[in-house]
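FYI, it's all coordinate maths here, none of it is from the lab. Remember, it's a predicted structure, so these values are computed and weren't measured experimentally. Please note: Cβ atoms are built from the backbone with ideal geometry, for glycine as well, and neighbour counts cover all protein chains shown.
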Amino acid sequence: MIKEVNNDLNLISELENSFSFVLSNVLEDINNNPFSRYVAYIEDKKIVGYINYYLIYDRCEIANFNVLQAYQNKGIGTKLIKYVINYLNGKINNITLEVRKDNPAIRLYEKMGFKKVAERKGYYRGIDGVLMEKEMEKKDIYVLGIESSCDETSFSIVKNGCIEIATVISSQIDIHKDYGGVVPEIASRNHVKNVTFVLDECLNKAQMTMDDIDMIAISYGPGLIGSLLVGLETAKTLAWLYDKPLIPVHHIAGHIYANNLVKKMEFPLLALVISGGHTELVYMEKDYNFQKLGGTLDDALGECYDKVGKIIGVDYPAGPMVDKLAHMGNDTYSLPMPLNDNSYNFSFSGLKSAVINLVHNEEQRGNSINKENLCTSFQNVVVETLAKKTMKAVSDLNIKNLVLAGGVSANKGIRERLQNLCELRGINYTFPDIKYCTDNAAMIAVAGYYAYHDGRRADFTLNAFSTLELK
Ligand code: KG4
Ligand code: ZN
């Protein structure tokens, strides 16, 4: 297993101890030299090898690497160099290293694409050294995204964070419909059943093999823990088996990055995230930088749509149908504007209860409910609340780019209202294609590409989280 050392005090001290014969003070080096990076190779629960390199803006110098004697000739050195090459792919122009002229490893370096570019006379106590350089090709990066946080098992391959090669989504909606919502245990079991088939189909569709994949992006939270674990263990297995970097992706980051498949996202931006589990306003100053401005204090918007749908007899997930009915009626029912304040927070449980009480009261009086009108009135309140809070954030932060994200962003009423407001104010506005609004792995692959460029990596200790802060 390969691990980054720089930010882990335990690993730093273990490295100093294991390699005290060549390394003096790793901590001091890291503190004094911002360019110096250490990566450790772990086997038998201990550090058995490491590589130290300097990342100096657009180039990398491999300073030294070492493997404990008992672990030599097992390809660990090659794995460490390959890890660095992979890690820096797309980020830098070249990698250099120095080696003794008589070191047989030169052949190995040449195989990895290093070329001799200069001689260093007497560099190694009288013995000449060779400077070798590897030009980094500006190669396309293919990310395999995996999503299984709720009831969709999905795999997708996306090129360079914006071009979708193939996506397969296996939805369990028909299974859960009978229960009026997702049953976690049933969801996990079906993920287990589906996962290999969906992966196979995705690779077939893309006409690619795992060897063509550069890295694996996994949605590791938030979501249903059992469901997440199926995707996560699949991702880890693939990363281990094919020796690919594992990139951890927050599910909501994925929803936001679905917009990058429509148009390259411009920053700073504001994202209105509305899904079955989330309702949040997120500010992004630059790629993969998230700052939550506010969110729901109780129910998520999608959840509220599903409950409102249920009370009027619409099957789960009710959002699309409620949206459809809302476009067929008139605003005749009076419902309260929830949390009508100046904060960036939302609250939907009061609105949901108001709808439920209204339906019960009418039923008790023997009156029938006009479903279309109720949906119109409900959706109008939702749209007004979202528009008010979003536009307040847009003004307060002088936002020029707004993106919608999450399953509920498929909602026609919400899309159109925000579109009108953005047009009036000259704001650049994007929402994802309908097929990328609800859960899918394409959005995870896109986010994974940017997470990778932000330096995010996971090792095989990565866990899944049912709740997880976006940062
Ligand atoms: O993002 P998503 O797939 O799941 C989470 O990550 O939570 O969102 C699913 C939610 C469901 O609650 C569904 O009812 C809602 O998105 N939804 C809609 C619409 N399409 C899907 N809600 C309102 N209007 C729609 N057109
Ligand atoms: Zn989602």
Margin query: Restricting to the range 139-164, name every residue that is small (Gly, Ala, Ser), within 13 Å of ligand 1 (Cβ to nearest atom) and not in a strand (DSSP E or B).
Written below: Ser148, Ser149
Checklist line | Counted residues, the range 382-428 - those being hydrophobic (A, V, I, L, M, F, W, C), within 11 Å of ligand 1 (Cβ to nearest atom), under 17 Å from Val282 (Cβ atoms) and part of a helix (DSSP H, G or I) | finding: 2
Next item on the list: Would you be able to say whether some residue in the range 460-467 is surrounded by 15 or more Cβ atoms within 10 Å (Cβ to Cβ), under 30 Å from Leu229 (Cβ atoms) and touching a His at 6+ places or on another chain (Cβ under 7 Å)?
Entry: no
Check: Looking at Leu246, Leu199, which is the one that is in contact (Cβ under 8 Å) with a residue 40 or more places away in the chain and within 20 Å of Tyr87 (Cα to Cα)?
Finding: Leu246
Item checked: Candidate set: the range 302-337, residues that are farther than 13 Å from Val359 by Cβ and hydroxyl-bearing (Ser, Thr, Tyr); chosen: the one surrounded by the most Cβ atoms within 10 Å (Cβ to Cβ) -> Tyr305
Margin query: List the strands (runs of 3 or more DSSP E) inside the range 37-130, counting only whole elements, that have at least 2 residues being touching a residue at least 24 places away in the same chain (Cβ under 8 Å) and farther than 23 Å from Phe21 by Cβ.
Written below: 59-67, 94-100
Check: Looking at the range 362-381, which of the residues that are among the charged types (D, E, K, R) and assigned to a helix (DSSP H, G or I) is nearest to Asn330 (Cα to Cα)?
Finding: Glu372
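Residue-wise test of (1) among the charged types (D, E, K, R); (2) out of contact with any Phe, Trp or Tyr (no Cβ under 8 Å at 6 or more places or on another chain); (3) crowded, with 16+ Cβ neighbours inside 10 Å; (4) assigned to a strand (DSSP E or B).
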{"site": "Ile169", "(1), (2), (3), (4)": "no, yes, yes, yes"}
{"site": "Arg189", "(1), (2), (3), (4)": "yes, yes, yes, no"}
{"site": "Lys193", "(1), (2), (3), (4)": "yes, yes, no, no"}
{"site": "Ala217", "(1), (2), (3), (4)": "no, no, yes, yes"}
Next item on the list: Go through the range 297-316 and give me each residue that's assigned to a loop (DSSP other than H, G, I, E, B) and within 14 Å of ligand 2 (Cβ to nearest atom).
Entry: Ala300
Notebook entry, point to check: Has the range 337-353 got any residue that is more than 15 Å from ligand 1 (Cβ to nearest atom), free of Cβ contacts under 8 Å to residues at least 12 places away in the same chain and assigned to a helix (DSSP H, G or I)?
Noted result: yes
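Going by the structure shown, is Leu293 among the aliphatic types (A, V, I, L, M), within 15 Å of ligand 2 (Cβ to nearest atom), farther than 25 Å from Arg457 by Cα and touching a strand residue (DSSP E or B) at 6+ places or on another chain (Cβ under 6 Å)? Spell out the reasoning first.
On the way: among the aliphatic types (A, V, I, L, M): yes; within 15 Å of ligand 2 (Cβ to nearest atom): no; farther than 25 Å from Arg457 by Cα: yes; touching a strand residue (DSSP E or B) at 6+ places or on another chain (Cβ under 6 Å): yes.
Considered against the rule, which asks whether it is among the aliphatic types (A, V, I, L, M), within 15 Å of ligand 2 (Cβ to nearest atom), farther than 25 Å from Arg457 by Cα and touching a strand residue (DSSP E or B) at 6+ places or on another chain (Cβ under 6 Å), Leu293 comes out as no.
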Note to self: Could you check the range 256-281 and list, in sequence order, the residues that are within 17 Å of Ser466 (Cβ to Cβ) and within 11 Å of ligand 2 (Cβ to nearest atom)?
What the structure shows: Ser275, Gly276, Gly277, His278
Check: Which members of the range 16-36 meet the condition of being among the aromatic types (Phe, Trp, Tyr) and more than 18 Å from Ala70 (Cβ to Cβ)?
Finding: Phe35
Next item on the list: Would you please list the contacts, defined by Cβ atoms under 8 Å and residues six or more apart or on different chains, that run from a residue in the range 317-332 that is free of Cβ contacts under 8 Å to residues at least 40 places away in the same chain to a residue that is within 6 Å of ligand 1 (Cβ to nearest atom)?
Entry: Ala318/Tyr305; Ala318/Asp306
Check: Out of all the residues in the range 431-447, is one or more surrounded by 23 or more Cβ atoms within 10 Å (Cβ to Cβ), among the acidic types (Asp, Glu) and either free of Cβ contacts under 8 Å to residues at least 60 places away in the same chain or not in a helix (DSSP H, G or I) (or both)?
Finding: yes
Next item on the list: Scan the range 271-279 and give yes if some residue there is in a strand (DSSP E or B), closer than 15 Å to Leu404 by Cβ and hydroxyl-bearing (Ser, Thr, Tyr), otherwise no.
Entry: yes
Item checked: Set Lys286, Lys244: member being out of contact with any strand residue (DSSP E or B) (no Cβ under 9 Å at 6 or more places or on another chain) and basic (Lys, Arg) -> Lys286
Notebook entry, point to check: Just wondering, is there one or more residues in the range 224-241 that are touching a helix residue (DSSP H, G or I) at 6+ places or on another chain (Cβ under 9 Å), more than 18 Å from Ser148 (Cβ to Cβ), assigned to a helix (DSSP H, G or I) and of a type in the set (Gly, Ala, Ser)?
Noted result: no
Next item on the list: Quick one: count up the residues across the range 357-387 that are charged (D, E, K, R) and either touching a residue at least 24 places away in the same chain (Cβ under 8 Å) or in contact with a Phe, Trp or Tyr (Cβ under 8 Å, 6 or more places away or on another chain) (or both).
Entry: 3
Note to self: Looking at the range 1-31 only, could you name the residues that are under 23 Å from Phe460 (Cβ atoms) and within 29 Å of the chain's Cα centre (by Cα)?
What the structure shows: Met1, Ile2, Lys3, Glu4, Val5, Asn6, Asn7, Asp8, Leu9, Asn10, Leu11, Ile12
Margin query: With of a type outside the set (Val, Ile, Thr), over 26 Å from the mean Cα position of the chain (by Cα) and surrounded by 13 or more Cβ atoms within 10 Å (Cβ to Cβ) as the only criterion, which of Gly129, Gly145 stands out?
Written below: Gly129
